[in-house]
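One structure below.
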Amino acid sequence: MYSEGKFSPLSKLALLLGLCGFGFIISGIITVAIAKLGINVPSDKMEVALKDPANINYIRWLQVLTTFFLMALPAFVFWQITSDKPMPKMGFISYISWKQFLFVGLMVFAGFMVGGALSGITELIPLPKQTETFFRKLETEYTDQVMLIASMKSSADFLISLILLALLPAIFEEMLFRGSLQQVAISVTGSSAAGIICTSIFFSAIHFSYYGFLPRLFLGVMLGYIFYYSKNLWFSIAAHFINNAWELFSIYMFAKQGGKPSEMPDENLPVYAGIIGTAAIIFLFAEYRKESRKVLSGCIGNISGE
């Protein structure tokens, strides 16, 4: 185990990206293994098999495993190498106030208004016909994959989906993006705002969704500041989970009412809704920051790893 002083910000960035690359290779091997052993299909037919509703359970577990190896494991190993107190440095600390959780929950629901307005704004941005066709095709493929993974036929299936598709991804993604990459990005850029924005851009871009880019960018920034002010990863995980859970609940209820994925209701909202949501979030963040300062005053040593 090494002390943090032996690693420069750029070397930390290189190490983290290298670990993610290694995790990507492992996740690829797991995908092939599941396709051959679990689903029992050859590699050249794997893409088709991973879109077959009959293989939904394999697809869900594959999603969990690949996210773990691509995001959670690299983050965990990164802090094991670079810090004497890896878990506190990543943000797993026990200093929590119920008021912080309250503010986080309210911010997420206000964020739905902002995200809906940003979706509406994205739709209004003019694009060349060929570019728009390309982005629409990507969006359709992404939506089809989400709807396949999130297909739920019963309340028990919904509860299982909450764990596999909302909770675990929230934990794994926050370990990498807010718990690791954001902290490294802030060190590299020397600016909290720049570090949070750069991390949020990457967070949104990996979903390969043009029409969802701005809403996810906003979500990433909100999650970034939730973690930055509290130094506690549990709060960004909670916010991420609430966001995922609400999306799953919406899909589940829509399906129960007889809706089809291709008929999913338009979630775009007018600009004024985004303005109202933004004003609410600014107020809530001010209160959240004050509460977080109170909580942090008694645990600085534990968070710094000293």
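The values are calculated or read from the model by the stated rules, or taken from the named source; none is laboratory data. Fair warning: this is a prediction, and the values are worked out from it, not measured in the lab. Here Cβ is always computed from backbone atoms with ideal geometry, including for glycine, and neighbour counts include all displayed protein chains. For accessibility, only protein heavy atoms count, side chains too; no ligands or nucleic acids. Shrake-Rupley method; radii C 1.70, N 1.55, O 1.52, S 1.80 Å.
Using a cut-off of under 20 Å, list every residue of the stretch 77-97 whose amide N is near the label point 7 Å from the Cα of Ala14 along the Cα-to-beta-carbon line.
77-83, by backbone N distance to the label point.
Summarise the accessible area of the chain (1.4 Å probe, protein heavy atoms) by the percent that is carbon and sulfur. Write down the numbers at each step before the final one.
Details: 10760 of 15790 Å².
Result for the chain: 68 percent of the exposed heavy-atom area is carbon or sulfur.
Considering only protein heavy atoms, what per residue accessible area in square angstrom results for the chain with a 1.4 angstrom probe?
On the way: 15790 Å² over 306 residues.
Normalised by residue count, the accessible surface of the chain is 52 Å².
Treating cross-link reach as a plain straight distance, find the lysines whose alpha-carbon is under 28 Å from the alpha-carbon of Lys45, omitting any fewer than eight places away in the same chain.
The qualifying lysines are Lys36, Lys137, Lys153, Lys260.
Find which of Val188, Asn40, Gly21 sits farthest along the positive direction of the dipole of the chain, computed with +1 on the beta-carbon of Lys and Arg, -1 on that of Asp and Glu, about the Cα centre.
Val188
Measure of size requested: the Rg and Dmax of the chain, with Cα atoms as the atom set and Å as the unit; please supply both.
Computed over the Cα atoms of the chain, radius of gyration and Dmax are 20.1, 59 Å.
Could you give the length gained on full extension between Phe101 and Trp246, defined as 0.36 nm per residue of separation minus the Cα-Cα distance, in nm?
50.5 nm
In whole Hz, what ³J(HN,Hα) sequence does the stretch 278-286 give by Karplus (6.51, -1.76, 1.60; θ = phi - 60°), x for Gly and Pro?
With coefficients 6.51, -1.76 and 1.60, one gets 5, 4, 5, 5, 4, 5, 5, 5, 4 Hz.
Set the Förster radius R0 to 51 Å, insert the Cβ-Cβ distance between Glu123 and Ala33 as r into 1/(1 + (r/R0)^6), and round the FRET efficiency to 0.05.
Working from the Cβ atoms, E equals 0.80.
Need the C-alpha centroid separation for the stretch 201-219 versus the stretch 90-138, integer Å.
What the calculation gives is 8 Å, centre to centre.
Net charge near Leu62: determine it from the other residues with C-beta under 14 Å of the C-beta of Leu62, scoring Lys and Arg +1 and Asp and Glu -1. Don't skip to the end; give the middle numbers.
Details: positive: Lys36, Lys51, Arg60; negative: Glu47, Asp52.
Its environment carries a net charge of +1.
Hey, which of these cross-link pairs are over 30 Å Cα-Cα: Lys12/Lys231; Lys6/Lys294; Lys51/Lys129; Lys85/Lys290; Lys6/Lys231? All intermediate terms of the calculation are to be shown ahead of the outcome.
Numbers: Lys12/Lys231 19 Å; Lys6/Lys294 32 Å; Lys51/Lys129 28 Å; Lys85/Lys290 26 Å; Lys6/Lys231 23 Å.
Checking Cα-Cα distances, Lys6/Lys294 exceed 30 Å.
Calculate the dipole size of the stretch 31-125 relative to its Cα centre from +1 charges on Lys and Arg beta carbons and -1 charges on Asp and Glu beta carbons; express the result in debye to the nearest 20.
Numbers: 7 positive and 5 negative charges, 58 e Å.
The dipole of the stretch 31-125 has a size of about 280 debye.
Could you check the spin-label model distance between Ile149 and Ser297? Points 7 Å from the Cα along Cα→Cβ, value in nm.
4.3
Report the label-to-label distance for Glu267 and Arg289 in nanometres (one decimal), using points 7 Å from each Cα along the Cα→Cβ vector.
Reported label-point gap for Glu267 and Arg289 is 2.8 nm.
³J(HN,Hα) across the stretch 145-154 via Karplus (A = 6.51, B = -1.76, C = 1.60, θ = phi - 60°), whole Hz, x for Gly/Pro?
5, 4, 5, 5, 5, 8, 5, 9, 10, 8
Output ³J(HN,Hα) for the stretch 200-214: one whole-Hz value per residue in order, computed from phi by the Karplus curve 6.51 cos²θ - 1.76 cosθ + 1.60 with θ = phi - 60°, and x for Gly and Pro.
Each residue's phi maps through the Karplus curve to give 5, 4, 5, 4, 6, 5, 5, 7, 6, 9, 5, 6, x, 5, 5 Hz.
Measuring from label point to label point, each 7 Å out along Cα→Cβ, what is the Gln80 to Tyr58 span in nm?
Here the answer is 3.0 nm between the modelled labels.
With a 10 Å cut-off between alpha carbons and a GNM built on the chain, which of Met222, Met87, Met107 moves the most?
Highest fluctuation of the listed residues: Met87.
Which value, in debye to the nearest 20, describes the size of the charge dipole of the chain about its Cα centre when Lys and Arg Cβ atoms bear +1, Asp and Glu Cβ atoms bear -1, and nothing else is charged? Don't jump to the answer; show the numbers that get you there.
Details: 22 positive and 20 negative charges, 120 e Å.
For this selection, approximately 580 debye.
With the chain treated as a Gaussian network of Cα nodes joined by springs under 10 Å, which of Trp79, Trp246, Trp98 yields the largest mean-square fluctuation?
Trp98
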